[in-house]
Amino acid sequence: MNSNPENMDIKELITRITDTYKDDSGINFIDVANLPVKEKIIEILDLLTEIVFPGYTGKKAVTKSNIDFIVGETLYAVYSLLVEQIEMALRYRCRIKNCDSNGCRQSAKDSAEHLLRQLPSIREMLKGDVAAAFDGDPAAQSYEEIVISYPCIIAISTHRIAHELYTKDVPLIPRLMAEYAHSKTGIDINPGAKIGKNFFIDHGTGVVIGETTVIGDNVKIYQGATLGALSFTKDQRGRIIKGGKRHPTIENNVTIYAEATLLGNILIGEGSVIGANVWIKESVPPHVIVSMQNPELIYKKKKP
């Protein structure tokens, strides 16, 4: 039985397709060994989740008597995988920038060790995030419920891990981690964002937090809120100039309600409340409530 498509010259089609590969425009992955593997990054995140929330996945029975062994075993597994993937990411960057890759292995070890040393601090931060969710949501019944079911905890814990690698200038991997959490939760937090203690995202779907955003302590954000950039400086050829502070700074004890849009390098003062559906492009003083003017509602009697 002939399985080839009818009325089609397959050899000619193959040639036409492979001809498009020759420009090496950045969407080809041919003969490229030095790229992190997405499945490996997810595996690393799963292992790290077992450390910051022991017993969370249910894959290992964790008890007080075996906790040291499990943590140790997991740390060794994470370190081995992480060094391998970071080295690949660094070598990839060296390939595209034509730099010397001799130091990639040692840099990978340094970055992996940095992340592992930060795990106790990350855990303390996550304790505060879980407590903030419990205190901020009257529907929450327990800390355990929040950890195993609230999407914001997946997004925030992943961010706190990815951000440490971002601070070490590790390419690709922090963004892979962030986008994995984004795909699972609908919450998009760039790994470059700096987020303080006791952070809570209620409901969460559609929240966007840009790369240069700075968020203080005890901040609460509702679904659909955007902390984004207003505009981008361009060079003489019309290309976006990357870098620079272009997202909001949110001070302590701020609440941002659903679908609020905050754009540009602005400052939202301590204790302020940003109402739903507002569009803000200028800084807001401390202890101010910003809201939309009440819309005119029209009620009509339904016909029988």
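Against the numbered list (1) within 12 Å of the chain's Cα centre (by Cα); (2) under 22 Å from Ala89 (Cα atoms), Pro171 comes up short only at (1). Residue-level analysis places Gly196 among those that are modelled with pLDDT of 95 or more, closer than 16 Å to Leu267 by Cα and either surrounded by fewer than 17 Cβ atoms within 10 Å (Cβ to Cβ) or touching a helix residue (DSSP H, G or I) at 6+ places or on another chain (Cβ under 6 Å) (or both). Screening Lys242 on (1) touching a Pro at 6+ places or on another chain (Cβ under 7 Å); (2) more than 27 Å from Leu82 (Cα to Cα); (3) not hydrophobic (A, V, I, L, M, F, W, C) shows it passes everything except condition (1). From the list Ile122, Ile146, the lone residue that is within 17 Å of Asp202 (Cβ to Cβ), among the aliphatic types (A, V, I, L, M) and under 20 Å from the mean Cα position of the chain (by Cα) is Ile146.
Of the residues in region 161-168, none is assigned to a helix (DSSP H, G or I), more than 20 Å from the chain's Cα centre (by Cα) and not assigned by TED's automatic domain parsing to the domain that holds Gly224. Figure legend. Inter-residue proximity from region 222-247: first residues in the same structural domain as Ala276 (by TED's automatic domain parsing) and in contact (Cβ under 8 Å) with a residue 12 or more places away in the chain, second residues in a loop (DSSP other than H, G, I, E, B) and of a type in the set (A, V, I, L, M), beta-carbon distance below 6 Å, spacing 6+ or different chains. Indicated pairs: Tyr222/Ala258; Gln223/Ala258; Gly224/Ala258; Ala225/Val207; Ala225/Ala260; Arg246/Ala229; His247/Ala229.
The values are calculated or read from the model by the stated rules, or taken from the named source; none is laboratory data. Note that the coordinates shown come from a computational prediction; the quantities given were computed from them, not determined experimentally. Counting neighbours? That spans all protein chains shown, and the Cβs are built from the backbone with ideal geometry, glycine included.
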